[in-house]
Amino acid sequence: MLVNMQFRTEVVAPQYDRKITYGDSLFFMGSCFVENIGRKLNALKFNIQTNPFGVMFNPESIRLSLARMLDGDDFTEREIFEQDGVWNSFSLHSEFASLSSEDYLRYANDALQRGRASLLQSDVLFLTWGTAWIYRHENGTVVANCHKQPASLFVRERLSVESIVDSYVEFLSRLWTKNEKQKVVLTVSPIRHWKDGAHGNQISKSVLLLAADELVNRFPDKVFYFPSYEIMMDDLRDYRFYASDMLHPNDQAVQYLWEKFVVCFLSDEAKQTMMEVERVVLAVSHRAFNPNSIPHQRFVANTLEQIALLEKRCPSIDLSGERLMLTGIQL
């Protein structure tokens with residue numbers, strides 16, 4: 001007797017009812033999962049904004065940053081600090097670090113305005129929560145980044161399910177008054193936070209999972225959940241899918257999550273266009289052995305024609321960089 005044996009439990013993500021096309025504007029914010037997926041979408045020329053304030057991990061810092069963009073509140077001198085000649089803000093990632101307060105505020109407020117413009121016109125908002133733990137500064141504010149400041153300046157707290165849900169209900173209600181069409185996709189980061197050990201990580205993730213589930217139940221037509229955490233924990237249940245730290249997904253796992261993402265969210269037309277874009281991007285990336293040869297000139301002409309056809313069919317696709325590379329080689 002033959003038995004159809006199964007040696008793994010595949011997590012099948014529910015189908016997103018509003019498939020994403022190249023004409024959609026996407027806004028990604030949160031921890032490393034959105035960075036990985038956002039990087040792939042950006043390389044494939046989707047219209048996407050990813051983490052305008054840098055990587056963030058907890059729901060409250062993410063919400064505060066989104067609320068700031070929604071309201072358009074500029075950063076001011078009162079919110080930045082200097083240490084060892086470097087300026088930073090507890091609201092932003094260290095990638096904004098500057099040697100002058102003027103430069104810092106300019107970079108920060110440019111990012112704010114770009115983020116605000118993208119948020120107000122985006123069709124889908126993707127949020128990835130990494131941990132329920134927050135750090136509250138002695139002045140009472142929740143920080144996005146401690147910037148290696150003394151631990152005595154902060155109090156570490158764990159968010160509750162209720163506090164996350166209540167704050168997001170208020171924020172999303174305000175967001176939808178300014179961008180009624182926007183859908184929200186929530187996901188919990190598959191990266192394990194090991195500072196509190198295995199049990200502490202599970203408690204933190206449980207808070208996030210329960211809060212996400214409640215928001216989906218509150219707004220079933222507006223909020224959707226993508227199971228990236230479950231795919232990593234239950235589908236890829238093997239350390240061969242982890243990086244050397246045994247906490248982060250490796251490249252193979254990221255690719256698997258990406259393929260699940262594509263099946264769940266992208267329209268058939270977008271998938272087809274994506275493959276065409278990828279072929280053009282890869283073709284342009286190859287360095288010609290003899291740029292002046294007739295075969296290469298033919299390749300350049302054919303690729304430029306493909307770019308023109310893609311941009312005509314999907315005006316949101318920007319292949320100007322690839323066109324510049326080709327024409328630069330040609331000249």
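The values are calculated or read from the model by the stated rules, or taken from the named source; none is laboratory data. Keep in mind that this is a model prediction, so the values were computed, not measured. Cβ sites come from the backbone with ideal geometry, for glycine too, and all protein chains shown count toward neighbours. We work out accessible area using only protein heavy atoms, side chains counted, and drop any ligands, DNA or RNA first. Shrake-Rupley method; radii C 1.70, N 1.55, O 1.52, S 1.80 Å.
Things worth noting here:
- Global geometry of the stretch 249-296, whether rounded, prolate or oblate, following the gyration tensor of its Cα atoms and the 1.5 cut on a/c: oblate
- Across the chain, the mean sequence separation of Cα contacts (distance under 8 Å, 6 or more residues apart), normalised by length, yields a relative contact order of 20 percent.
- Apportionment of accessible area to carbon and sulfur, the stretch 21-70, percent (1.4 Å): 46 percent
- For peptides 302-312, 187-197, sequence by mean Cβ density within 10 Å, most packed first: 187-197, 302-312
- Applying 1/(1 + (r/R0)^6) with R0 = 22 Å to the Cβ-Cβ distance of Asn42 and His286 gives a FRET efficiency near 0.60.
- Relative to one another, the C-alpha centroids of the stretch 215-271 and the stretch 55-90 are positioned 28 Å apart.
- The eigenvalues of the Cα gyration tensor, multiplied by 5 and square-rooted, give the chain an equivalent ellipsoid with semi-axes of 35, 28, 21 Å from largest to smallest.
- Nearest-ten-degree value, helix 294-313 long axis tilted from longest Cα axis of the chain: 50 degrees
- Theoretical ellipticity at 222 nm over the chain - DSSP helices of four or more residues, -39500 (n - 2.57) apiece, nearest 500: -15000 deg cm²/dmol
- For Lys178, a cut-off of 19 angstrom between C-alpha atoms picks up these lysines, skipping any fewer than 8 places away in its own chain: Lys222.
- Modelled spin labels at Ala308 and Met5, positioned 7 Å past Cα toward Cβ, are 5.9 nm from each other.
- The modelled label-to-label distance for the pair Ala117/His199, using points 7 Å beyond Cα in the direction of Cβ, is 5.1 nm.
- Most to least accessible of Cys146, Cys314 (protein chains only, probe 1.4 Å): Cys146, Cys314
- Dipole magnitude of the stretch 1-55 about its Cα centre (Cβ charges: Lys, Arg +1; Asp, Glu -1), debye to nearest 20: 140 debye
- Cα-based reach from Lys40 at 19 Å (exclusive), listing lysines while leaving out same-chain residues under 8 positions away: Lys19, Lys260, Lys271
- In whole percents, the pair-distance distribution calculated for the stretch 61-102 from its alpha-carbon pairs, binned every 10 Å from zero, is 26, 53, 20, 1.
- Just the protein heavy atoms count here, and of the accessible area of the stretch 135-279 at 1.4 Å, carbon and sulfur take up 53 percent.
- Backbone N under 17 Å from the Glu170 label point (7 Å along Cα→Cβ), restricted to the stretch 116-140: 140
- On a per residue basis, the stretch 230-331 carries 60 Å² of accessible surface, using protein heavy atoms and a 1.4 Å probe.
- Rg and Dmax over the alpha-carbon atoms of the stretch 92-224 stand at 16.9, 47 Å.
- Angle in degrees between helix 197-218 and the longest Cα principal axis of the chain, rounded to the nearest 10: 80 degrees
- Those aspartates and glutamates that a straight Cα-Cα span of less than 13 Å connects to Lys312, excepting residues fewer than 8 apart in one chain: none
- Share antiparallel - DSSP beta bridges, the stretch 74-217, percent rounded to 5: 65 percent
- Among beta bridges from DSSP that stay inside the chain, the antiparallel ones total about 40%.
- Three-way shape label, the stretch 244-331, alpha-carbon gyration tensor, a/c 1.5: oblate
- Rounded tilt (10° steps) of 320-330 against the dominant C-alpha axis of the chain: 40 degrees
- Where labels lie 7 Å past Cα in the beta-carbon direction, separation of Asp73 and Asp17 in nm: 3.5 nm
- Average Cα contact separation per residue, the stretch 25-163, under 8 Å, 6 or more apart, as relative contact order %: 31 percent
- Rounded accessible area per residue of the stretch 11-141, 1.4 Å, Å²: 40 Å²
- When the square roots of the Cα gyration tensor eigenvalues are ordered a ≥ b ≥ c, the ratio a/c for the stretch 1-152 is 1.5 or more and a/b exceeds b/c, which makes its shape prolate.
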